[in-house]
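Input: a single structure, listed below in structure tokens.
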Amino acid sequence: MTEIRDVLKPAFINFDLKTTDKQAAISELANTFLTKGVVTNDSVYLEAVMKREEESTTGIGFGVAIPHGKSAAVAEPSLAFGRSQAGIQYDSMDGKPVHLMFLIAVPETSNDEHLRILSKLSRKLMHEDVRQKLMTVTDAEEIYQIFE
């Protein structure tokens, strides 16, 4: 079973997303994957993520979004976390802005890896106390503890 700790590297965490635009925020977070080489081509990967968004929004409500993309430009399953105090306009299911964003990247060949990561995140993020903690955490270790 994939643990959040295995896929969410400290380099993939952005506690202060600068933009309030959905696509720009996803792009800002996707950039962190380039730093460790888990995404080899960000435009190819972003295209997969935005295509998925067109099918239906990944803004699940409660200020949370879990965009994801499966692409040949992804070397290994990875997860990024971004936080926005201002809130991102996201077309969420509940119409509210997004403050917590988890971006999933999985290789084209991966079977259901992203679904496992997705369900683990979703189960935890349903709890208000978890969302509140994520609004104030300051380092990667605190995030791992929330999900373990």
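Solvent exposure of the chain amounts to 48 Å² per residue of accessible area, where only protein heavy atoms count and the probe is 1.4 Å. Annotation: amide H of Leu17 within the under-5 Å range of Arg83, Ser84, Gln85, sequence separation 5 or more or interchain, hydrogens built in the peptide plane.
Dipole magnitude for region 7-147: computed about the Cα centre from +1 point charges on Lys and Arg Cβ and -1 point charges on Asp and Glu Cβ, it is near 220 debye.
What value, in deg cm²/dmol to 500, does the helix sum -39500 (n - 2.57) over DSSP H runs of n ≥ 4 give at 222 nm once divided by the residues of the chain?
Working: 6 runs with 62 residues, N = 148.
Rounded to the nearest 500, it is -12500 deg cm²/dmol.
Surface composition of region 4-148: carbon plus sulfur atoms hold 51% of the accessible area, using a 1.4 angstrom probe and ignoring ligands, DNA and RNA.
The values are calculated or read from the model by the stated rules, or taken from the named source; none is laboratory data. None of the values given here were measured: they were computed from a predicted structure. When we count neighbours, we look across all protein chains shown, and the Cβ atoms used for this are built from the backbone with ideal geometry, even at glycine. Keep in mind that these areas ignore ligands, DNA and RNA; they rest on the heavy atoms of the full protein, side chains included. Shrake-Rupley method; radii C 1.70, N 1.55, O 1.52, S 1.80 Å.
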